[in-house]
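The values are calculated or read from the model by the stated rules, or taken from the named source; none is laboratory data. Being a predicted model, the structure only gives us computed values, none of them experimental. Glycine gets a Cβ as well: all are built from the backbone with ideal geometry, and neighbour counts include every protein chain shown. Side chains are part of the model used for accessible areas, which takes the heavy atoms of the whole protein and leaves out ligands, DNA and RNA. Shrake-Rupley method; radii C 1.70, N 1.55, O 1.52, S 1.80 Å.
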Amino acid sequence: MHDTSEDVMSVLTERIEERFQMPLADLLRAVEEAPQTNPEATVLVHWHGLLAETQQALDAAEDALVEALGTQPTDVLDDPVMELAHQVNSAVASRDGRAMVVNYLLDPNAPGKRGPGASPAACRAPALPTSPPRLPSTRNTTARGAAR
């Protein structure tokens, strides 16, 4: 069961290493020594770490489910086995969500980004003009209900 799961990790790790032109272990050390030097690297390393933790939890949940299925008759699954299946589903959802965050952080053209190196303030700029609206001219107009 772990082959596809670990493919996600290896692909994202390769993309991070390619982006920063160094092995992940070296990047981890650099971020640990000076986290403010490159905020993008710091955020990516943080989310990659969360992704790795979730992947480990998923692997453990899958192993427990496979072990429990080996002791069950194939026609009926009891509540504890179903609970393990739900844990696997939850772990997959968590892993996939964190993988999506890492993908987003690696993609300079992702929606909401203004290209590589965009400042956080630029990403939060208003989507619409914020100048005050112009009021219509009040010449030759009467208030509603007023007599002419």
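Pick from segment 20-54 the residues that are of a type in the set (A, V, I, L, M) and touching a residue at least 60 places away in the same chain (Cβ under 8 Å): which of them is surrounded by the most Cβ atoms within 10 Å (Cβ to Cβ)? Don't jump to the end; show me each part of the working.
Filtering segment 20-54 for residues of a type in the set (A, V, I, L, M) gives 22, 24-25, 27-28, 30-31, 34, 41, 43-45, 50-52.
Okay, now just the ones that are also touching a residue at least 60 places away in the same chain (Cβ under 8 Å), so 43-44.
Working: V43: 15, L44: 23.
My answer is L44.
Would you mind telling me which numbered condition in (1) more than 14 Å from the chain's Cα centre (by Cα); (2) within 20 Å of V8 (Cβ to Cβ); (3) open to solvent by less than 50 Å² (accessible area, probe 1.4 Å) A57 fails?
Status for A57: all satisfied but (3).
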